[in-house]
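The values are calculated or read from the model by the stated rules, or taken from the named source; none is laboratory data. A quick note: this is a predicted structure, and the numbers were derived from the prediction, not measured. For neighbour counting, all protein chains shown are included, and Cβ atoms are generated from backbone atoms with ideal geometry for every residue, glycine included. The accessibility values were calculated without ligands, DNA or RNA, using every heavy atom of the protein model including side chains. Shrake-Rupley method; radii C 1.70, N 1.55, O 1.52, S 1.80 Å.
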Amino acid sequence: MEVATYSQTNPTIFGTGAVNLIGEKAKEFGIEKAMIVTDVGLVKVGVVARVQGLLKDAGIEVIVFDKVNPDPLDTMINEGGEIARNEKVNGVIGLGGGSVMDASKGINLLTTNAPPISNYYGSWEYDRGLPLILVPTTAGTGSENTIYGVITDSTTNAKKVILTTGDLAIVDPELTYELPAHLTASTGMDVFAHAAESMTVNMTNPMTKLLAFDAIRKVIKYLPIAVADPTNVEARENMMIASNFAGIAFSNTCCHLGHAISQCMGAKFHVPHGISCAWALPETMAYAAIGKFDEVKGVADALGVEYGDNESPEELGKKVADNMRAFMKKMNIKSIADYGIKREDMLGDLVDMVMEDNCFPFIPSPLNRDQVREIIAKVYDTYK
Ligand SMILES: [Fe+2]
């Protein structure tokens, strides 16, 4: 076995009803005035009012910053940081999906460090921010337990990463009950991609493999149930665990080619992250089977894909990819063309963007530009 490094970020409280502990936990951190970082959708459905009420009941003053959009921009994070400093909050709550939690990490960092947030891309050189509690409302990103925050830079349109964690995650499956079927499916595909990619990066580790394997099993079993029946408690709980486990898994390894393609498609075409993760995943696994045969066998085992002793990497890769595409169909994931994206739009500057993406260095075996282009073409051609 190769030498491997793995760790965990912040503690996690998991379970249905766990969010009711937020006031008590915020007080334990000494928070007297909190900023809830969130989005307008969660304000509308009443989730923000509920959490605000829980904090107020604990005697904590609350301000709400609800300007987070998908693919959060550096400019919005700079604005949130300025408000937090001016309002003199002494704690930050990230309440939402991946974009919200990533934005709250950035805003929190700016409470104790000079703006702009672009100063801290890819850097560990900063003062620890205020206490940060992360409360996911989707089963997708796992950001509550990762070291990453993905930010879209407004000057270059590239996705950049800040490296920072929360201090506590409160993971309550009940908060995902309101999520409609299409968002349940797309965020669930993000979980799938985190797990499968983290098992097959150029250097994985035993903890990642274990958590990612279990996450894939749970996605295959429970995502179809959660999509069909949004209030199915067992399915929502298992998807929330899968999301959290896959987050811990990839926080220790990063993702690779699939997320490089997905992030760049997100930046270029503004498609939902989980959808582009799904598109890229099958051909990413077909390619990964060449360099990481045993690891892709692990993905096949998690999927329940059968293979023989004499199976070649190419044959196994194709079986895994076909299985994933069938699952995507079952989850009603539309094709790239359905989103109005043309084949030629995929094969120009996107190829260079992918090769410069922060996930690309973690690919399992070297790829030149022609090979990346060929994989991207297959991503387009093999899922209609
Ligand atoms: Fe992701």
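Rounded to the nearest 500, the helix-only mean residue ellipticity at 222 nm of the chain stands at -16500 deg cm²/dmol, with each DSSP H run of n ≥ 4 adding -39,500 (n - 2.57).
Close amide H partners of Gly91, meaning residues 5 or more places away or on another chain with modelled amide H under 5 Å apart, are Lys33, Met35. Taking a 28 Å limit on the Cα-Cα distance, which of the listed pairs Lys33/Lys67; Lys159/Lys221; Lys44/Lys105; Lys218/Lys318 fall beyond it? The answer is Lys159/Lys221.
Dipole orientation for the chain: of the candidates Met265, Val299, Ile117, Met265 has the Cα lying most toward the positive pole (charges on Cβ; Lys, Arg +1; Asp, Glu -1).
Only bridges whose two residues both fall in the chain count here: according to DSSP, what percent of them are antiparallel, nearest 5? Roughly 25 percent of the beta bridges in the chain run antiparallel, per DSSP. Ordering 251-259, 146-154 by mean Cβ neighbour count within 10 Å, with the highest value first, yields 251-259, 146-154.
The angle between the Cα long axis of helix 74-86 and the longest principal axis of the Cα atoms of the chain comes to about 20 degrees, rounded to the nearest 10. For segment 31-39, the Karplus equation 6.51 cos²θ - 1.76 cosθ + 1.60, evaluated at θ = phi - 60°, returns couplings of 6, 10, 9, 10, 9, 8, 9, 7, 10 Hz by residue, with Gly and Pro reported as x. With everything on Cα atoms, drop me the angle between helix 313-330 and the longest principal axis of the chain, reported from 0 to 90° to the nearest 10. That helix lies at roughly 50 degrees to the long axis.
Converting the Cα gyration tensor eigenvalues of segment 12-176 into ellipsoid dimensions via √(5λ) gives semi-axes, longest first, of 23, 17, 14 Å. In percent, rounded to a whole number, the relative contact order of the chain is 15, using alpha-carbon pairs under 8 Å and six or more apart.
May I ask you to give the solvent-accessible area per residue for segment 181-381, in square angstrom, as obtained with a 1.4 angstrom probe?
Result: 38 Å² per residue.
For Ala169, the residues whose modelled amide H falls within less than 5 Å of its own, excluding neighbours fewer than 5 places apart on the same chain, are Thr12, Ile13, Leu134. Scalar couplings 3J(HN,Hα) for segment 182-192, obtained by applying the Karplus form with A = 6.51, B = -1.76, C = 1.60 to θ = phi - 60°, are 5, 6, 4, 5, 5, 5, x, 5, 5, 4, 4 Hz; x denotes Gly and Pro. Note that segment 258-301, at 25 °C in a medium of 0.890 mPa s, gets a Stokes-Einstein diffusion coefficient of 224 µm²/s from its Kirkwood radius over C-alpha pairs.
Past 20 Å, Cα to Cα: identify those pairs from Lys329/Lys378; Lys297/Lys384; Lys268/Lys334; Lys292/Lys334, in the order given. Pairs exceeding 20 Å: Lys297/Lys384; Lys292/Lys334.
Using a probe radius of 1.4 angstrom, the carbon and sulfur fraction of the accessible surface of the chain is 52%. Take the Cα of Val45, go 7 Å toward its beta carbon, and the backbone nitrogen atoms of segment 178-211 under 18 Å from that spot belong to 178-191. For the chain, the longest principal axis of the Cα atoms and the long axis of helix 98-112 meet at an angle of about 50 degrees. When only the Cβ of Lys, Arg, Asp and Glu is charged (+1, +1, -1, -1), the dipole of segment 12-176 relative to its Cα centre reaches about 60 debye.
Treating each Cα of the chain as an identical point scatterer and ignoring solvent, apply the Debye formula and state log10 I(q)/I(0) at q = 0.07, 0.09, 0.14 Å⁻¹. Taken in order of the listed q values, log10 I(q)/I(0) reads -0.29, -0.48, -1.16.
Over the residues of segment 181-381, compute the C-alpha Rg and express it relative to 2.2 N^0.38 Å.
In units of the 2.2 N^0.38 Å rule of thumb, it is 0.94.
Under the convention that each Lys and Arg Cβ holds +1 and each Asp and Glu Cβ holds -1, the size of the dipole of segment 36-123 around its Cα centre is about 180 debye.
Near the amide H of Lys67, within less than 5 Å, lie the amide hydrogens of Thr38, all on another chain or at least 5 residues away, with H placed in the peptide plane.
A Cβ-based charge dipole, computed about the Cα centre of the chain with Lys and Arg at +1 and Asp and Glu at -1, lands at about 460 debye.
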